[in-house]
Every structure is written in C-alpha cells, then in structure tokens.
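One structure is given below, encoded as structure tokens.
The values are calculated or read from the model by the stated rules, or taken from the named source; none is laboratory data. Predicted model, so just to flag it, every value in this text is computed and none were measured. Positions of Cβ are generated from backbone atoms using ideal geometry, with glycine treated the same way; all protein chains shown enter the neighbour counts. When the accessible area is computed, the model is the full protein with side chains, heavy atoms only, and any ligands, DNA or RNA have been set aside. Shrake-Rupley method; radii C 1.70, N 1.55, O 1.52, S 1.80 Å.
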Amino acid sequence: MKDKRLLIIFLTVFIDLVGFGIIIPMNPYLAEAFGATPLQVGLLMSVYSLMQFIFSPFWGQLSDRIGRRPVILISLLGASVAHMGFAFAPSYWGLVLARALAGLFGGNLSAAMAYIADVTTTKDRSKGMGMIGAAFGLGFILGPSMGGLLAEFGKTLGSLPPFGQSFPAVVASMICFANFLCALKWLPESRTGTSPAKIYGIRFRRIFSALIQPVLGTLMLLLFLNTFALAHVEATLFLYVQDKFQWSLSKASFGFAYIGLIMVITQGYLIRKYMPKMGERKMLAAGLLLSAVGFGLCCMANEVWGLAVGVTALGLGNGLANPSLNGSISLLSGKDEQGNNLGVSQSLSSLARILGPPTGGYLYQQMNPSAPFGAAALIMLLGLGLASMVFGRMPEGGRVH
C-alpha cells in the first residue's frame, strides 16, 4: 500500500510540474514581448514566489489539520485557473496577476513532501524526498519541451493571446485540471493518526521559531541559500542564451529540458543508489560543491559547450543537495510538525525566489550577463562553509551502517 501511495503522489506532482514546466520558459519571452526590462522579467518570476512565501506555511499547517489530500486538490484546481489567466493576459501586468494567483495556490509541494513523510520510514525518508526531485526533473523535461512545440503551434493559430506564444499556457491549464480530476478519484489521504496537529502562531513567528533551532534552523538557512543562488539565474539564463547565442523560445525550452534530465538522473537514480552508502551529510557537501563549480563554469563560459558543462554540474549539485536538506529537515521534525516545518522551509525557498530573480536581473542589467552566475557561485561557497558547522549534528536516516 505504501508503494502505491508513493507512486500516486509521484504522478500527481509530476503531472503538476509538467504544467508548471510549460509556463516557466514563457515568462521572459512573453514579458519582453510586452516591453519588460530584465529587472521586470525578474520581478515577474518573483511574484509567484512572493505569494508562495506568504501562503506556504498556511497550506502546510492546514494539511496537518485537515489532511494532505484536500490541500493538494485545492492547489491543483487553483493552478489550472491561474494558468488559463496567464494565457489570456493582455499585458505585462496581466502576466503578473496570473503568476500571483498561481503562487497563492502553490501549496501542493509542501503538502506532497508531508505526504511522503507520512508514508515513509526514517531510513527511506530522504530517498522519498528524492522522488519529489525526480518528479520535478521529469516535469521539467516534458514541460519545457512541450512548451516550445506548443508555442510554435500557437503561432499558426494567431498572434494575440491566448494564441501565439501564450498558447502553451492553455494546455498547461488543461493538464492541471485533468490532474485535479485524477487526484480527486485516486489520491488517498495519508494522514491517518488521530493526534491533533499543533497550532502555530503567525507566519513570521513560525519561521523565526524554526530558524532559532540549532541544526534545523541552519539546514533551513542552507535551503534558502541554495535556492537563492539558483534563483539568480532562473530568469537571466533565458535572457543570456537569447542575447549571447540568439536562442529562440523553443530552443531555450529544450535547453531547459536538459536540466530536467540531469535532475531526473540525480534524484531518481543517484540519490536512491548512493544515499545508503554516503548518507545525508556527504550528499549535501558534494551537492553544494558541485553547484559552486557549476555556477563558476557558467560564469566563465564563452561557448555553448562550456555552458553545457556548467549546467550539468549545477544540475547534479542541486539534485544531490535538495533531497538531503529536505530529508534532514523532515527527520528533525515531529510527526505533527511535518506539514508546518516543510511549509516553513518551502516558504523560505519562496523568499529566496522572491529576492533572487530581481537581484540576478539587476546584476545582468547593470553589470554584465555573467555577473549573476558569479554571485551564485560565491553564495554556494558560503553555504558550504555554513554546512560544515553542522555536519556532525545532522541526522543520517538514509545511511545504512
């Protein structure tokens, strides 16, 4: 029964991420079509995360109280509505409003991680979290690839929204709605305990309470730094390949799919194979170091092959670090704190995605296209130094001694 539930939640997250993956490459291109600057492109990427930052702890705590299933269902339905609004957006600010709505309903990830925590043992926790990463990777292989093809097809239907380059969002909305119907029918509830969930205070107090816990707080801060570094280049990477290598939306989408492939290999295979041998500590150290190297190589790349090597190292590093961090945070949380603590950690990730894209866009606009990558490499080195301070106290539930 456990494996069946894991499979269902994996498919639910994967299908949702296909819809999400279709949308992501569209942001810079549609924003630029409406006359947005690199900084405004970064702000468009940030508004989704701003709303997630505000609402993720709420959704996480609500899933502790009423169950994971209702929260996931609400999130999927809300995403469907938001994606359709994105497709019909007539201006830059219409895009911003649609992404804000998507972020408001973006509570399914923390609920999905809490779902996995409900149905896995301590030994399998980090490997279970790796399934979320694998779903991300698969979604980011299929989603951007579909987005690129659908954008070309949309141009044959017309040039104004919801056609042209906006058309992929229509399909993303339909995918999310179909996912909602499937989850409604087949996704069971995972929270079977009878003990009441803890009641927490306001959002910032919950975040502060988690951050002041010695090891848990440090791991959450590391998750923030890891996401902040990656968010520096999420928006500017598309601008970079467009400006430096003249890549179109469809070509950039396939390039983004390559990153998803690396994530699938790392979190779907390498984590499951080597976590029992290495444990969370060594996996985290390797992930942070590889990420720093990847960002550095991207910063120095003058040819497409150099960028490809850097992105490969970056995908491997991120794929190793994230499950180790999320798994360790879950292991340090009590049974009735899973949704709240994972919601707080996702809220911090959202804060990083609020600050990262406009910071990267500003560096891109005011300094040079390579600056966001260099800044991200330095952030990862800082994270590695911070991680070394708590390695000895990190749980290693995934390691077989």
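Just a few scattered comments:
- Fluctuation leader among LEU288, LEU138, LEU307 - the chain, Gaussian network, Cα springs under 10 angstrom: LEU307
- Per-residue SASA entry for GLU32, accessible area with 1.4 Å probe, Å² rounded to 10: 70 Å²
- Rg/Rh for the stretch 249-324 (Cα atoms only, Rh after Kirkwood) is 1.03.
- In nm, spacing of pseudo-spin labels at GLU303 and ARG393 (7 Å Cα→C-beta vector): 4.8 nm
- Calculated diffusion of the stretch 233-293, Stokes-Einstein form, Kirkwood radius summed over Cα pairs, 25 °C and 0.890 mPa s, µm²/s: 181 µm²/s
- Mean Kyte hydropathy of 0.5 or more with a Cα span along the axis of at least 20 Å, helices from DSSP in the chain: 2-23, 38-66, 68-88, 125-157, 167-186, 214-234, 249-265, 271-300, 304-331, 371-387
- Accessible area in square angstrom per residue, the chain, 1.4 angstrom probe: 38 Å²
- Extent along principal axes [Cα atoms of the stretch 283-374; Å; largest to smallest]: 50, 27, 15
- Extension gain, LYS155 to ARG65: 0.36 nm times the residue separation minus the Cα-Cα distance gives 27.8 nm.
- Convex hull volume of the stretch 30-164 per residue (C-alpha atoms, cubic angstrom): 115 Å³
- Solvent-accessible area, 1.4 Å probe, carbon plus sulfur percent, for the chain: 70 percent
- Tally of Lys pairs whose C-alpha atoms are under 21 Å apart, taken over the chain, 8 or more apart or cross-chain: 20
- Subtracting the Cα-Cα distance of ILE265 and GLN246 from 0.36 nm times their residue separation leaves 4.0 nm of extension gain.
- Stokes-Einstein translational diffusion, the stretch 215-257 - Kirkwood Rh over all Cα pairs, 1.002 mPa s, 20 °C, in µm²/s: 180 µm²/s
- Förster radius 45 Å - calculated FRET efficiency between TYR274 and ALA100, Cβ distance, rounded to 0.05: 0.70
- P(r) weight above 34 Å for the chain, C-alpha pairs, percent: 22 percent
- Each residue was assigned an accessible area with a 1.4 Å probe, and for ASP243 the value is about 90 Å².
- Per-pair calculated FRET efficiency, R0 = 60 Å: LEU382 and ALA178 via Cβ, rounded to 0.05: 0.90
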